[in-house]
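The block underneath contains the structure these notes are about, expressed in structure tokens.
The values are calculated or read from the model by the stated rules, or taken from the named source; none is laboratory data. Keep in mind that what you see is a predicted model, and the values were worked out from it rather than measured. With ideal geometry, Cβ positions are generated from the backbone for all residues, glycine too; neighbour counts draw on all protein chains shown.
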Amino acid sequence: MPKIQFINPDEVRKPQMLEFDSIPINQYDKTIEEEVDNFSREDFLRIYHDMVVIREFETMLNLIKTR
């Protein structure tokens, strides 16, 4: 996708439905406080670790593309 093509985040991220049978899109709206009961501390640490690894990988790819 060209870098000059504008994508309006408000439009792209608005809640909507994709039609097959209904599939919810951008419908998640719970807070951390609501999720604390669903996960253990270890679960949150594992999720955080996964997020950091993915972010680092994306950063490395971007550095390769831009150098």
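Summary table
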| quantity | calculated |
| --- | --- |
| Residue satisfying all of: in the stretch 4-29; of a type in the set (A, V, I, L, M, F, W, C) and part of a loop (DSSP other than H, G, I, E, B); modelled with the lowest pLDDT among these | 20 |
| Meets criteria (surrounded by fewer than 10 Cβ atoms within 10 Å (Cβ to Cβ) and among the aliphatic types (A, V, I, L, M)) for residue 54 | no |
| Cβ pairs under 8 Å, 6+ apart, first in the stretch 35-53 and aliphatic (A, V, I, L, M), second surrounded by 10 or more Cβ atoms within 10 Å (Cβ to Cβ) | 47/39 |
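Yes or no, residue by residue, for (1) surrounded by 10 or more Cβ atoms within 10 Å (Cβ to Cβ); (2) of a type outside the set (Val, Ile, Thr):
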site: 4; (1), (2): no, no
site: 9; (1), (2): no, yes
site: 14; (1), (2): yes, yes
site: 22; (1), (2): no, yes
site: 31; (1), (2): no, no
site: 44; (1), (2): yes, yes
site: 63; (1), (2): no, yes
site: 67; (1), (2): no, yes
